Amino acid sequence: MREIVTIQVGEFANFVGSHFWNFQDELLGLASDPESDPIFRNNNLDMDVLYRSGETHQGVSTYTPRLLSINFKGSLGSMSSHGTLYNEGSSSRSDSSKTWFGDVDTQRSEPRKRNLFQQSLYEEEAKAGEIEDKDIVGCLDEGVECWTDFSKSHYHPQSLYELSGLWMDSQDFNNYGIGKDVFSEASRGEEICDRLRFFVEECDHIQGINFLVDDSGGFSALAGDFLETMADDYTNIPVLLYSLRSQTKSSKKTVSNKLHDAISFSRLSSFCKLFTPIGLPSLSGSKYLNLGDEKPYQSSAVYAAALHSSTLPFRMQHSSSDSSEVSNAMDVNTLVQLLTNRGRQNIVTILDSAMPAPTLAGMQLEKTLLTNLQTLSPEVTEDVEDNQSVESMCILGALSSEEKEASVSEVRNAVDASYEQRNDTKPLFCNLSVSRCPLPVPLPFPSIFGNLVGRKGEILSSPVSDSLYRGSLDVHSIPVASRWRSSSAILPFLESRMVNLEKLGIQWGAMGSDVVRAWGFGREELQEMRENLSKMVSELSPHQFSESSDSE
């Protein structure tokens with residue numbers, strides 16, 4: 001076995017994770033459905049990499065994500081923190097109240113009502129049968145308040161952890177300092193580590209940990225403390241860290257925001273093998289998608305699709321790594337070595353995605369695939385030539401024409417040709433993994449496809465309908481391309497954090513000196529962070545950095 005444990009910390013990380021697990025759940029259903037397309041039934045994916053088999057107290061078999069989700073108290077909406085399978089009710093009194101024999105005043109809020117989608121999943125068949133799919137899609141497109149509103153997965157009781165004693169709106173939990181002691185207070189750290197241990201210790205041969213964190217506020221500090229503990233307990237398990245940001249109404253950053261970005265990155269990147277920032281100020285520029293920038297339900301679906309695609313090689317069946325269905329399976333450690341050990345030690349990677357990916361018909365791919373890949377990482381420059389860059393691409397469900405799925409060899413030949421015809425500097429090395437299985441579009445997927453996207457995700461020459469928004473009732477699957485890049489194009493991201501830490505937090509009389517002091521950071525600790533950031537910058541641009549150092 002090559003298990004992966006997934007950790008989701010914070011509100012937006014759980015939005016992305018909810019879509020990701022919906023994709024996996026849909027794949028499981030299609031693989032076992034005799035009526036589904038053979039391309040899903042024969043997908044050659046090992047879902048045991050992400051899932052664990054179990055059993056309820058009643059002896060019912062379960063198959064649930066190997067997941068630890070962490071969020072605010074009350075963030076689960078209508079879902080119980082025990083999940084939906086095990087029916088472990090909680091006591092009306094806490095353990096501490098059992099030693100108290102006086103009066104107890106219990107204050108309890110009304111549980112949130114299930115939306116139409118949740119009703120269709122969990123309520124009586126007679127009532128659920130009255131709910132139509134179009135009403136469900138409309139309900140979700142109109143309003144999603146929390147990630148469980150559109151989750152179709154079942155979870156183990158150890159998976160869903162709510163931060164006890166921390167009733168707070170995410171808008172108030174908005175900087176590193178607010179979350180500084182959350183992990184260590186009230187035994188939370190011990191409880192969180194116990195839950196992680198439950199999943200790790202039952203693995204036969206764990207290949208890595210996917211760690212998703214909402215990096216826009218106090219959850220960064222909690223994640224940093226958690227990762228530091230994990231580094232001591234699980235020294236040899238590689239961590240792939242995804243720093244996620246949702247769109248914000250204001251693009252202007254305050255001193256506190258800039259210091260948060262610098263300190264959060266410094267802390268989080270020191271405890272992982274790869275650090276991938278994800279989250280653009282706007283996704284509205286996509287040619288084939290219609291997105292509302294401030295709707296996390298929509299933007300998280302795009303990021304989850306890229307996450308699914310880029311990590312698919314980890315769960316391709318190795319015995320069939322060069323079969324007719326999949327090609328070039330790899331594990332987490334292989335990806336880390338590929339991206340970080342080819343000439344320079346850079347752990348900060350860029351994630352690009354094309355959704356839907358263009359068809360191979362004619363010369364379309366050679367002309368458009370590489371240019372269709374849109375970066376999902378912030379503060380990246382594209383007008384850079386880097387002959388030391390390294391790339392790892394994964395393409396799912398490519399179409400050779402509007403109706404026909406492409407073979408693995410057709411995809412490989414077309415991608416090779418597209419790199420040969422590339423006008424700018426070619427990467428030092430490019431790895432390609434291919435799966436013929438496209439991304440399935442589950443019912444609760446948002447209606448974000450434009451009217452040039454067909455039923456199989458093919459890009460049409462003319463609009464298929466007057467409607468600007470198409471969803472899961474119209475589009476059943478889509479081809480997706482994703483690419484990890486280790487490139488100097490990430491330098492603006494690194495340099496802004498290094499410069500802001502120096503100017504706003506370290507220099508004498510710095511505007512943010514009181515802020516970082518209140519967050520608990522001393523001058524020596526900040527200087528050590530600055531030194532590590534300098535090394536990252538010099539690794540990608542040694543000549544530029546030495547010049548800037550001399551001028552100081």
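From the phi angles alone, apply the Karplus equation (6.51, -1.76, 1.60; θ = phi - 60°) to the stretch 193-208 and give each ³J(HN,Hα) in whole Hz, x where the residue is Gly or Pro.
5, 4, 5, 4, 4, 4, 7, 5, 6, 8, 7, 7, 8, 5, 9, x
Counting alpha carbon pairs within less than 8 Å and at least 6 residues apart, what relative contact order, in whole percent, applies to the stretch 253-402?
27 percent
Return, ordered by residue number, the residues of the stretch 379-411 whose backbone nitrogen is under 13 Å from a label point located 7 Å along Cα→Cβ of Asp37.
From the stretch 379-411, the list is 396-407.
Under a 5 Å amide H to amide H cut-off, with H placed in plane at 1.01 Å, what residues pair with Thr62 once short-range neighbours are removed?
Under 5 Å from the amide H of Thr62: Gly54, Glu55, Thr56.
Which of the three applies to the stretch 274-354, rounded, prolate or oblate, going by the alpha-carbon gyration tensor with a ≥ b ≥ c and a/c under 1.5 meaning rounded?
Oblate is the answer for the stretch 274-354, as a/c is 1.5 or above yet b/c matches or exceeds a/b.
When a/c reaches 1.5 or more, the comparison of a/b and b/c decides; with that in mind, is the chain rounded, prolate or oblate per its Cα gyration tensor?
Note, shape of the chain comes out oblate.
Can you figure out the FRET efficiency of Phe429 with Thr381, using R₀ = 25 Å and their beta-carbon distance, to the nearest 0.05?
The calculated FRET efficiency here is 0.75.
If r is the Cβ-Cβ distance from Asp181 to Asn413 and R0 is 56 Å, what FRET efficiency results, to the nearest 0.05?
My answer for the efficiency is 0.50.
Return the calculated 222 nm mean residue ellipticity for the chain, to the nearest 500 deg cm²/dmol, obtained by summing -39500 (n - 2.57) across DSSP H runs with n ≥ 4 and dividing by the residue count.
Result for the chain, helices only: -10000 deg cm²/dmol.
Based on the Cβ-Cβ distance of Gln421 and Glu191, what FRET efficiency does E = 1/(1 + (r/R0)^6) give at R0 = 45 Å, to the nearest 0.05?
For Gln421 and Glu191, the calculated efficiency is 0.25.
Provide the solvent-accessible area of Glu539, counting protein heavy atoms only and rolling a 1.4 Å probe, rounded to the nearest 10 Å².
So the heavy atoms of Glu539 present about 60 Å² to solvent.
Take the chain, mark every one of the chymotrypsin sites (Phe, Trp or Tyr not before Pro) that falls in a DSSP loop and has at most 13 other Cβ within 10 Å, then report the longest stretch left between them, sites excluded.
After excluding every exposed loop site, the longest remaining stretch is 168-507.
Which value, in debye to the nearest 20, describes the size of the charge dipole of the stretch 268-359 about its Cα centre when Lys and Arg Cβ atoms bear +1, Asp and Glu Cβ atoms bear -1, and nothing else is charged?
Using only the charged Cβ atoms, the result is roughly 220 debye.
How would the stretch 404-552 be classified by its alpha-carbon gyration tensor: rounded, prolate or oblate, with rounded meaning a/c under 1.5 and the a/b versus b/c comparison settling the rest?
In terms of gyration-tensor shape, prolate.
Quick check for the stretch 170-295: number of Lys pairs with alpha-carbon distance under 20 Å, counting only pairs 8 or more apart or on different chains?
Step by step, the pairs that qualify in the stretch 170-295 add up to 5.
Sort Arg188, Arg517, Arg422 from largest to smallest accessible area, using a 1.4 Å probe on the heavy atoms of the protein chains.
Arg517, Arg422, Arg188
If I model a spin label at Ser400 and Tyr63 as a point 7 Å from the Cα along the Cα→Cβ vector, what separation in nanometres do I get?
3.1 nm
If a paramagnetic tag sat 7 Å from the Cα of Asp233 along the Cα-Cβ line, which residues of the stretch 51-67 would have the backbone N under 17 Å from that point?
Flagged as within label range: 66-67.
With a 1.4 Å probe and all protein chains kept in place, how much accessible area does Lys258 have, in Å² rounded to the nearest 10?
Number for this one is 70 Å².
Is there a quick way to get the dipole size of the chain? I mean about its Cα centre, with the Cβ of Lys and Arg at +1 and of Asp and Glu at -1; what is the value in debye to the nearest 20?
560 debye
For the stretch 37-44, take each phi angle, set θ = phi - 60°, evaluate the Karplus expression 6.51 cos²θ - 1.76 cosθ + 1.60, and give the result in whole Hz per residue in order, putting x for glycine and proline.
These are the phi-based 3J(HN,Hα) values: 4, x, 5, 8, 5, 10, 7, 6 Hz.
The values are calculated or read from the model by the stated rules, or taken from the named source; none is laboratory data. Remember, it's a predicted structure, so these values are computed and weren't measured experimentally. Glycine gets a Cβ as well: all are built from the backbone with ideal geometry, and neighbour counts include every protein chain shown. To get the accessible areas, we keep the full protein, side chains included, count just its heavy atoms, and leave off ligands, DNA and RNA. Shrake-Rupley method; radii C 1.70, N 1.55, O 1.52, S 1.80 Å.
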